[in-house]
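Working notes for the structure below.
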Amino acid sequence: AALGSRRYRVTVRGEGGHSWGAFGIGNPAHALGRAIQRFDEVAAEFVADGPRTSYNVGRIGGGTSVNSVPFESWMEVDMRSLSQESLLELDRLFVTTMEEAVAEQNERRLDGPPLVLEAEQVGDRPSGEISPQDPFVQRAMAAVAHFGAEPRLGRSSTDANVSISLGIPSVTIGGGGVGAGAHSLDEWWLNQDGHLAIQRSLLLVLADAGLAEDEG
């Protein structure tokens, strides 16, 4: 199954200036902070019910020094959902809260031109599902079992998302090895029996091409 995701890089731009001499002009960092706070409040309420849905502000940047109003502040945001409908609604809430937050910050400025918002979509993977009974999925599971492992079906965001969303039988199989702590400071991975992953992939290709016999 395909876990849908949408990603944005949000940039707020202003003219910038000295923290004392230009105080009162639109501050992109303040606008970005307001946007994050507003989105977190709205999104937390939205994801509390319905299909599992998540959101994450993963990166924040901007500015040139502690004593200058930044001319630009930015963040990168990741949103995911089991449901394509929920993902699209969360996307709508995200864009709306970004616009509202920057508009509010512009109302607070005492001088200078208004801040400008740019919300660039940098990722779009649709959700979808393929039946576990599909012949291609069954062949993939058989290839895993052939080498002594227990096949497990799961949901993730991968390169197979688009084809799965279009109803084209697709799978993403493990690359071998063992690990833990994904995307944390303690993440680790060991290439244990990694060669078997290559063999599983080859066996799946041969089986789907009709060049390998199914094990009954």
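Coordinate-derived values only; no laboratory data. What you are looking at is a predicted structure, and each value in this text was computed from that prediction instead of being measured. Cβ: placed from backbone, ideal geometry, glycine included. Neighbour counts: every protein chain shown.
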Provide Arg59, Arg38 in ascending order of the number of other Cβ atoms located within 10 Å of each residue's Cβ, fewest first.
Arg59, Arg38
Connecting C-alpha atoms closer than 10 Å in a GNM of the chain, tell me which of Ala35, Ala160, Ala44 has the biggest fluctuation.
Ala44
Test item: Cα-centred dipole of the chain, Lys/Arg +1 and Asp/Glu -1 on Cβ, debye:
300
Helical mean residue ellipticity (222 nm; -39500 (n - 2.57) per DSSP H run of 4+; nearest 500) of the chain
-11500 deg cm²/dmol
Once the piece of chain linking Ala119 and Ala145 is laid out straight, how much longer is it, given 0.36 nm per residue of separation minus the C-alpha distance between them?
4.8 nm
If I build a Gaussian network model for the chain, linking alpha-carbon pairs within less than 10 angstrom, which residue out of Trp20, Trp74, Trp189 has the largest mean-square fluctuation?
Trp189
According to the Cα gyration tensor, what semi-axes, each the square root of 5 times an eigenvalue, does the equivalent ellipsoid of the chain have, listed from largest to smallest in whole Å?
47, 19, 13
Sorted by Cβ density within 10 Å, fewest first, the residues Met75, Met141
Met141, Met75
In what sequence do Thr53, Thr158, Thr64 fall when counting other Cβ within 10 Å, fewest first?
Thr64, Thr158, Thr53
